[in-house]
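The values are calculated or read from the model by the stated rules, or taken from the named source; none is laboratory data. Every value quoted in this text rests on a predicted model; they were computed, and no experiment measured them. Note that each Cβ is placed from the backbone with ideal geometry, even for glycine, and that neighbours are counted across all protein chains shown. Heads up: the accessible areas ignore ligands, DNA and RNA and are worked out on the full protein's heavy atoms, side chains in. Shrake-Rupley method; radii C 1.70, N 1.55, O 1.52, S 1.80 Å.
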Amino acid sequence: MHKAIRIITVAGLALPLFLAAQSGSNVTLPQDKGPDKINVSTYPADQQKGYKVFAEKCSKCHTIARPINTIMTKADWERYVKRMMHKPNSGISDAQGKTIFEFLAYDQENRKDKNPSAFFKSLSDEEIEKLKAQQH
Ligand code: HEC
């Protein structure tokens with residue numbers, strides 16, 4: 001009996017924390033609506049492996065379409081991967097972060113930079129907050 005109460009209490013406390021960690025992923029950004037796959041068949045073998053790590057790890061909180069359709073400089077990708085890694089429960093190790101960054105840098109140069117108008121510039125925190133306010 002007491003054990004059941006304790007379990008219910010713990011679950012009740014954990015849920016808001018879980019929801020708080022997901023906030024910002026419950027907003028739809030313009031780039032979320034683009035394609036959610038990259039044809040990597042012409043990429044070098046190590047980048048094809050990197051794509052798998054990227055697709056698995058970067059789709060946990062938002063659609064993988066978000067990074068697939070966002071363009072930034074390599075320096076910004078490096079910072080952005082770190083920012084995503086440091087979010088609560090990101091589940092991304094340093095080694096995986098490095099693999100993902102290398103994939104994003106290659107993909108930026110070989111796919112996005114060749115056709116920049118097909119993609120979206122990354123949004124500022126203010127722009128994301130504004131979209132959130134509009135959608136709720
Ligand atoms: C733990 C949850 C989580 C994981 C894992 C995650 N993201 Fe995010 N991502 C977010 C949130 C939340 C936002 C909204 C902006 C913010 O709060 O930083 C976001 C926003 C973004 C944006 C939008 C940029 C912009 O400003 O327009 C990109 C690109 C992105 N993430 C890429 C990635 C990549 C690449 C990975 C994998 C390395 C990843 N995300 C993994 C939570 C996550």
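Please enumerate the residues belonging to the range 86-116 that are more than 21 Å from residue 48 (Cα to Cα) and near the ligand (Cβ under 8 Å from one of its atoms). Matches in the range 86-116: 87, 88, 89, 90. Scanning the range 30-65 for residues that are open to solvent by less than 30 Å² (accessible area, probe 1.4 Å), within 7 Å of the ligand (Cβ to nearest atom) and either modelled with pLDDT under 95 or of a type outside the set (A, V, I, L, M, F, W, C) (or both) gives a single hit, 31.
Of the residues making up the range 90-136, those that are closer than 17 Å to residue 31 by Cβ and not in a helix (DSSP H, G or I) number 8. In the range 105-125, the residues that are more than 17 Å from residue 65 (Cβ to Cβ) form Cβ pairs under 6 Å with partners that are assigned to a helix (DSSP H, G or I) and more than 12 Å from the ligand (Cβ to nearest atom), at six or more places apart or across chains, as follows: 105/74; 106/47. Residue check: residue 83 meets all listed conditions (1) open to solvent by 70 Å² or more (accessible area, probe 1.4 Å); (2) more than 7 Å from the ligand (Cβ to nearest atom) but one, namely (2). Search the range 66-80 for residues being aliphatic (A, V, I, L, M) and out of contact with any Phe, Trp or Tyr (no Cβ under 6 Å at 6 or more places or on another chain), and hand back the single one that is surrounded by the fewest Cβ atoms within 10 Å (Cβ to Cβ). Here the answer is 75.
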